[in-house]
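The values are calculated or read from the model by the stated rules, or taken from the named source; none is laboratory data. Model, not experiment: these values are computed from the prediction. Cβ atoms come from the backbone with ideal geometry, glycine included; neighbour counts cover every protein chain shown. The protein model used for the area step is the full one, side chains on, heavy atoms only, and it has no ligands, DNA or RNA in it. Shrake-Rupley method; radii C 1.70, N 1.55, O 1.52, S 1.80 Å.
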Amino acid sequence: PIEVLLERDPLSSVVPEDLSAVNERWSRRVGGTLDEESYSMSVMRRDGRRACIEVSSSMAKVNGRPAVFSFILDVTRRTEAEEARRRTEVYFRGLIEIAPEPIGIIRAGHFVYANIAYANVFGCATVDELYRIPIVELVREDEVDMLMQNGRFVLEGGRAPPQIYHARRQI
């Protein structure tokens, strides 16, 4: 309830690891400096769970005295969703990295992502080595036109039919 909030020290809910940064920010604001208009921090809810909040502040004068107006938004769910997405991304990246099948992404005629299985197809020791080689140098010369045609077709929103290309190994 608002009455409880008004009776408490506003800093009493800030988690210990964020408290010194909040106190520094508060001191600068009291001194008339508004160097950060928006920031994130964690607070403890009454039930003991943590919440991540975003604070947006602006300075003003009320009856001739400086005041700080802050708007607080609970972004706990968004923060948790972002963390879950990051964990999922790490998990799937790990699966792709160890997959026995070649998996890669090509942009502007070069691999921008490939797993080690793809590098091995072309005789490259590392994916970084593969990234340096233009894709047209990785297939037989007589297949380059078909590769480029299929690439344009996909870029235009089509779906290229399955095609077998013969790799030119870099060994």
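Can you find a residue in the range 56-65 that is closer than 30 Å to Arg169 by Cα and hydroxyl-bearing (Ser, Thr, Tyr)?
no
Residue-by-condition table, conditions (1) farther than 15 Å from Ser70 by Cβ; (2) surrounded by 13 or more Cβ atoms within 10 Å (Cβ to Cβ); (3) in contact (Cβ under 8 Å) with a residue 40 or more places away in the chain; (4) not basic (Lys, Arg):
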| position | (1), (2), (3), (4) |
| --- | --- |
| Leu5 | no, no, no, yes |
| Leu11 | no, no, no, yes |
| Pro16 | yes, no, no, yes |
| Val22 | no, yes, no, yes |
| Trp26 | no, yes, no, yes |
| Tyr39 | no, yes, no, yes |
| Ser42 | yes, yes, no, yes |
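Quick check: anything in the range 10-23 among the charged types (D, E, K, R) and either in a strand (DSSP E or B) or over 28 Å from the mean Cα position of the chain (by Cα) (or both)?
Taking every residue of the range 10-23 in turn, none turns out to be among the charged types (D, E, K, R) and either in a strand (DSSP E or B) or over 28 Å from the mean Cα position of the chain (by Cα) (or both).
Just the residues that are part of a strand (DSSP E or B) and open to solvent by 30 Å² or more (accessible area, probe 1.4 Å), please, taken from the range 134-171.
Ala167 - this is the single residue of the range 134-171 that is part of a strand (DSSP E or B) and open to solvent by 30 Å² or more (accessible area, probe 1.4 Å).
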